[in-house]
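Below is one structure, written out as structure tokens; comments come after it.
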Amino acid sequence: MPENTDNKASKSDNQTIAYKERLNSWAIARLLPNTQREIVARFRSRSDADGYMRHLPQEIPNASYMVVFDCQHHEAVI
């Protein structure tokens with residue numbers, strides 16, 4: 001009896017996508033009025049996010065940013 005390879009491929013693809021989404025959980029959020037935030041970049045490690053955070057005031061000095069651990073994945077602005 002032949003196997004349904006289409007079903008297995010889609011399951012594997014879904015698992016790969018879910019794994020890739022979990023890799024970039026550290027993010028830099030721009031703080032907006034009314035306690036809102038906007039994710040501007042995502043990173044695999046906290047130290048990478050901290051390093052990029054030191055660079056941001058040189059680019060946009062009047063904005064406020066913070067490093068967050070973000071479990072929800074929305075598109076980054078950059």
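Give me the pairs, please: first residue somewhere in the range 40-59 and closer than 10 Å to Ala27 by Cβ, second residue anywhere and of a type in the set (D, E, K, R), beta-carbon distance under 7 Å, and either six or more positions apart or on two chains.
Here the result reads Val40/Arg30, each pair linking the range 40-59 to a residue that is of a type in the set (D, E, K, R).
If I ask for residues that are closer than 18 Å to Ala63 by Cα and surrounded by fewer than 17 Cβ atoms within 10 Å (Cβ to Cβ), which ones from the range 21-42 would you list?
Result: Leu31, Leu32, Pro33, Asn34, Thr35, Gln36, Arg37, Glu38.
No lab work stands behind these numbers, since they all come straight from the coordinates. Keep in mind the model is a prediction, meaning the values are calculated, not measured. Virtual Cβ from ideal backbone geometry, glycine too; neighbours counted across all protein chains shown.
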